Amino acid sequence: PMSNGQGPEKKGEDNDVTFLGKDFEQCFEQMRHYDSQIIDLGKFAFTAYPTIVGAAVAIYKYGLANKTDYSVVAGMIPLVAFFPGLFLLWHMVRTRIYFAQVTRYINEVRRSYLVGQPMKVTNESGMYADPKVPPYMDRGSSQLSFMYIMTILNSFLGGVAVYLLTVRYERQASAVALAFGALLVIQLYLVVSHLRGWQKRSSSASVPAHV
């Protein structure tokens, strides 16, 4: 006989419940971490990008004041900064995928628990319990809004770089507009197409090491 009155099957169930409870808590913390990470990246961009542009313009104006052409040097600053900006954008997209995947798992665990209506909880409040939400590509998401803003900021950096590097050309305005528009469209296309690609996958698909 068992000393505590519990059979192996009962102990197994208790262990499963303990594991699932801890897993749920850790995933919930991770979900909040992913959400705040995207916001923090956006805040960093809002602070860093004006500083970068300001430094480039200051160098360019300093050259004008001293009758020295520093346009190339000044233009290289936003041009070089543009590439880390792409990395920040990609990191936002990847974090969004992780966020959606973890949140879906949380909803799946919550649904499994609420099916039995524990303590007569029927979820009348409509708390999220659908493992198919949130969608990876959610146009109304604040996270997507940060990504869109990031594409604009990156395109602005590219436009400033072209502006400074083409100060001697007559069609400078056209070059700047073309650079800004092209960079914006390309970034938006890559972001949307990647998220839509994940949206088409099964919600039970595992997230690879590199997304």
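The values are calculated or read from the model by the stated rules, or taken from the named source; none is laboratory data. For clarity, every value in this text was computed on a predicted model and none was experimentally measured. Don't worry about glycine lacking a Cβ; one is built from the backbone with ideal geometry, like all the others, and counts go over all protein chains shown. SASA here: full protein model, heavy atoms, side chains in, ligands and nucleic acids out. Shrake-Rupley method; radii C 1.70, N 1.55, O 1.52, S 1.80 Å.
Per-structure values
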item: Candidate residues Glu25, Glu108: accessible-area rank, largest first, probe 1.4 Å; result: Glu25, Glu108
item: Tyr163 - accessible surface, heavy atoms, 1.4 Å probe, Å² rounded to 10; result: 100 Å²
item: Heavy atoms of Glu29: accessible area, 1.4 Å probe, square angstrom to 10; result: 110 Å²
item: The stretch 44-111: trypsin sites (Lys or Arg not before Pro) in DSSP coil with no more than 14 other Cβ atoms inside 10 Å; result: Lys67
item: 16 Å tail of the calculated P(r), the stretch 71-197, as % of Cα pairs; result: 69 percent
item: 3J(HN,Hα) from dihedral phi, the stretch 47-61, Karplus parametrisation 6.51/-1.76/1.60, rounded to Hz, x for glycine, proline; result: 8, 6, 5, x, 5, 5, 5, x, 5, 5, 5, 4, 5, 5, 5
item: Neighbourhood net charge (12 Å Cβ-Cβ; Lys/Arg +1, Asp/Glu -1) for Pro134; result: +1
item: Area of Trp90 that stays accessible when all protein chains are in place (1.4 Å probe, Å², to 10); result: 110 Å²
